[in-house]
Structures are given as structure tokens and as C-alpha cells.
Amino acid sequence: MAKVKVAIVGASGYTGEELVRLLISHPEVELACVTSRQQAGQPLAKAFPRYAGRPGVAGLAFSEPKVDDIAAKARVAFLALPHGVAAEFAVPLLAKGVKVIDLSADFRLKSADVYKEFYAQEHPAPALLKDAIYGMPEIRRDAIRGAKLIASPGCYPTSIILASAPALKNKLVKTAGVAANSLSSPSGAGRKAELDYLFIECNESVRAYGVPKHRHLSEIEQELSLLAGTTMTIAFTPTLIPVNRGIHTTVYFEMLKPLAQADAQKIYEDFYRGEPFVRVMEPGRLPDIKNIAGANFLDVAVRVDPRTQRLIAFSAVDNLVKGAGGQAVQSMNLMFGLPETTGLL
């Protein structure tokens, strides 16, 4: 079978670089096009010296992002672009028959009004919202296989949704009074020179931000509500910590009725049995971001607190891999009938 020809639009950012890392090693992929306005004309190996000499990199250079050029070279395009900009490429690429995996927020929400509320602008392509498939294989696998447009999830939502899904689907917990706290690397904000994300501002410091209405909250509440079968509103506190990559999330629920720790453990193990990229911690262990750095795994654990009648779910995920590029490649594998783990293990 011929290799799948792939484009990365916006390949010079952190997520774009992560996609480059994964796709040049993917045995069923040819990385045919990488675009960047800032780096146009520059050899890929010069911008990312770590990949010099790797197969598939020689002769590959950044180009200007032009729809006709991308469509001529690729069957699928990963859009590693800011929200608002991504839709400008998604619409014409889809019209030319190119499958699109969008890593921005442009197609994650089903409501254009909610998008406007959280992103402070009109949705650039509302007619496509009904066609976009939320690219979380653990809860949308079958739909992803037949999709032409994938809305790849955000990093915070990935960590919270997958930590919460077994509790909500099995109706172990109340859907009100839920709180989620996430500790994240500043790399989740992308490669940009802003004061808040400079090394000297983040190092040896811990700082909450985006409270009480971080943009990802809209996506989190949408997907949790679908899992629970009822509208959910949660409290969410994202916090920056001085690590290069990784998110550690804790989600607090009130239990509907008393539950033994062993029963909660079994429910989580059963829910994720057979999932290649979700690892349920054995009893006595909790997720640690050092164990998922650079990998497409999400580690999850559950604890029952009988003293407060709370169920507490934990997760750890690499915000640039399972929280971004890796999960997008996972969806691509499904879209093209490849084994889901190809290029990711």
C-alpha cells in the first residue's frame, strides 16, 4: 500500500515540531509538505537540527502556506495553527478533497455562539461545525474512522475528559459541584514571545491563570455533558508549573452513593481495558508526568475518599503528544485504516 502523503500547516511551533517528530518516523507516512510563514525557504533540518540526517527530512524545506500547493502534495493536512486562522485553510482544503485534522479550537465546539462567547470572535466557518468529529479515539473511535474533518482535542480537555469518563458513564457521581485543577507546562501556550511564558517568569514559580473562564472550559463542559447525558458546569483552575512538557490533573466529584475503592478501581480498569494509550494505575500508584513525557500515553487513577464522600480522579498526559500531536496522529491512523498504534509506540 502506498504511504499516506501528509502536510503540516504551521509546522514551526511546538505542536508542529511534535508532529514532525512523529510523522518522519511513521512507517506508513510520507511527510510531503511543511509550511511556515516565518520559516519559509528554510530547510527543515536547519530549523530543527535534531532531525538532521533522519530519513524523510533531506530536501524538505518550509514553504509558504498555500492551499493549492498543500492540496497537490497531501491527502491529509494537520493544521497546527491559531484559532480563527485554521478555518481559513480547512474550508478550501476540504473543498479540494483533502482530509483535515485541525489542532486549533475552530471545530471543537458544536455551537458557534459558545465559540464567540469563549473566543471573542464570530466563528469563521459555522457550516462545518456539524461535520467535524471530536478526535478523541477513546470516545469517538468509530466516527473518526469515517471522518473528513477532525477537531483534535485540547490538552486540558484531554486530561480532564479521560479522567472523568468512567465515573460519568457509570453514573458514580453527581454532575454538579465538580472541580478540576490542572498543573501544566507553559509549552501548552505555544512557541511565542509573551512575558507570562518566558523562562525567567515561569521558572521556580507556580501560577494560576485563566480563572474563572479559561477558553478550554467550553470544550470540557461540552464533552462532559455528552458523557453524563445532562448539562454540566464545572469549576476549572489551570496552573503553570516550570516543566517543559506535561499536565497533571485532579478532578473532584461528589459520589451519588458510597463506593468501595476496589469497586472504583475495577470500573476504571474495565472502562479502559484494551485501550492502547490509556494506562490505569494499579492500586497504590498515582500518575506522574515524568512517566508520560514524550509518549502518547495518558495515565489515570481513581481514589475514593469515604470521609468526604468524594471520588477523586487523576491523570497525567504530555500536552504536546497525547494532548496534541500524538492524539492527532492516532486519529489519522484510524481515518486511513491503519493500526491505531502505528508510529506511536
- Query: Limited to segment 51-101, what total is found for residues that are part of a strand (DSSP E or B) and in contact (Cβ under 8 Å) with a residue 40 or more places away in the chain?
  - Reply: 8
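Taking the options SER12, SER36, name whichever one is out of contact with any Leu (no Cβ under 9 Å at 6 or more places or on another chain) and touching a residue at least 40 places away in the same chain (Cβ under 8 Å).
Numbers: SER36 fails: touching a residue at least 40 places away in the same chain (Cβ under 8 Å).
Residue meeting the stated conditions: SER12.
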- Message: On the basis of being under 20 Å from the mean Cα position of the chain (by Cα), surrounded by 14 or more Cβ atoms within 10 Å (Cβ to Cβ) and among the acidic types (Asp, Glu), does GLU201 make the cut?
- Response: no
- Message: Out of PRO238, PRO283, I need the residue that is assigned by TED's automatic domain parsing to the domain that holds PRO166 and either crowded, with 19+ Cβ neighbours inside 10 Å or within 19 Å of SER185 (Cβ to Cβ) (or both). Which one?
- Response: PRO238
- Note on the structure: Of all helices (runs of 4 or more DSSP H) fully inside segment 125-227, the set with 3 or more residues that are out of contact with any Phe, Trp or Tyr (no Cβ under 8 Å at 6 or more places or on another chain) and more than 24 Å from SER111 (Cα to Cα) is 199-202
- Message: Among (1) modelled with pLDDT of 95 or more; (2) surrounded by fewer than 19 Cβ atoms within 10 Å (Cβ to Cβ); (3) of a type outside the set (D, E, K, R); (4) farther than 26 Å from GLY337 by Cβ, there is one condition PRO82 misses while meeting the rest; what is its number?
- Response: (1)
- Message: So VAL243 passes all but one of these: (1) over 22 Å from GLU18 (Cα atoms); (2) within 22 Å of the chain's Cα centre (by Cα); (3) not acidic (Asp, Glu). Which condition number does it fail?
- Response: (1)
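Listed here are the residues, each with its yes/no results for (1) at positive phi; (2) not polar (S, T, N, Q).
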residue: GLY10; (1), (2): yes, yes
residue: ARG21; (1), (2): no, yes
residue: SER25; (1), (2): no, no
residue: LEU31; (1), (2): no, yes
residue: VAL34; (1), (2): no, yes
residue: GLN38; (1), (2): no, no
residue: LYS46; (1), (2): no, yes
residue: PRO49; (1), (2): no, yes
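So is GLU30 within 23 Å of GLY337 (Cα to Cα) and surrounded by fewer than 18 Cβ atoms within 10 Å (Cβ to Cβ) or not? It would help to see each step written out before you state the result.
Working: within 23 Å of GLY337 (Cα to Cα): yes; surrounded by fewer than 18 Cβ atoms within 10 Å (Cβ to Cβ): yes.
Answer is yes for this residue.
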- Message: So for segment 238-260 (the condition being polar (S, T, N, Q) and touching an Asp or Glu at 6+ places or on another chain (Cβ under 9 Å)), does at least one residue qualify?
- Response: no
- Message: Need pairs with beta-carbon distance below 6 Å; first residue farther than 20 Å from GLY337 by Cβ and within segment 139-156, second crowded, with 24+ Cβ neighbours inside 10 Å and of a type in the set (Ser, Thr, Tyr); sequence gap 6+ or separate chains.
- Response: ALA151/TYR134; TYR156/SER182
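Per-residue answers, yes or no, for (1) of a type in the set (Gly, Ala, Ser); (2) at pLDDT 95 or above:
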| residue | (1), (2) |
| --- | --- |
| LEU224 | no, yes |
| THR230 | no, yes |
| THR239 | no, yes |
| ASN244 | no, no |
| ILE247 | no, yes |
| TYR252 | no, yes |
| PRO258 | no, yes |
| ALA264 | yes, yes |
- Note on the structure: Checked pairs for segment 237-254, first on the phi > 0 side of the Ramachandran plot, second charged (D, E, K, R) and outside any strand (DSSP E or B), C-beta under 6 Å and 6 or more apart or across chains, list as GLY246/ASP318
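Name the residue, out of TYR209, TYR268, TYR252, TYR272, that is hydroxyl-bearing (Ser, Thr, Tyr) and surrounded by 21 or more Cβ atoms within 10 Å (Cβ to Cβ).
Details: TYR209 fails: surrounded by 21 or more Cβ atoms within 10 Å (Cβ to Cβ); TYR252 fails: surrounded by 21 or more Cβ atoms within 10 Å (Cβ to Cβ); TYR272 fails: surrounded by 21 or more Cβ atoms within 10 Å (Cβ to Cβ).
Step by step, each of TYR209, TYR268, TYR252, TYR272 is checked, and only TYR268 is hydroxyl-bearing (Ser, Thr, Tyr) and surrounded by 21 or more Cβ atoms within 10 Å (Cβ to Cβ).
The values are calculated or read from the model by the stated rules, or taken from the named source; none is laboratory data. Model, not experiment: these values are computed from the prediction. Don't worry about glycine lacking a Cβ; one is built from the backbone with ideal geometry, like all the others, and counts go over all protein chains shown.
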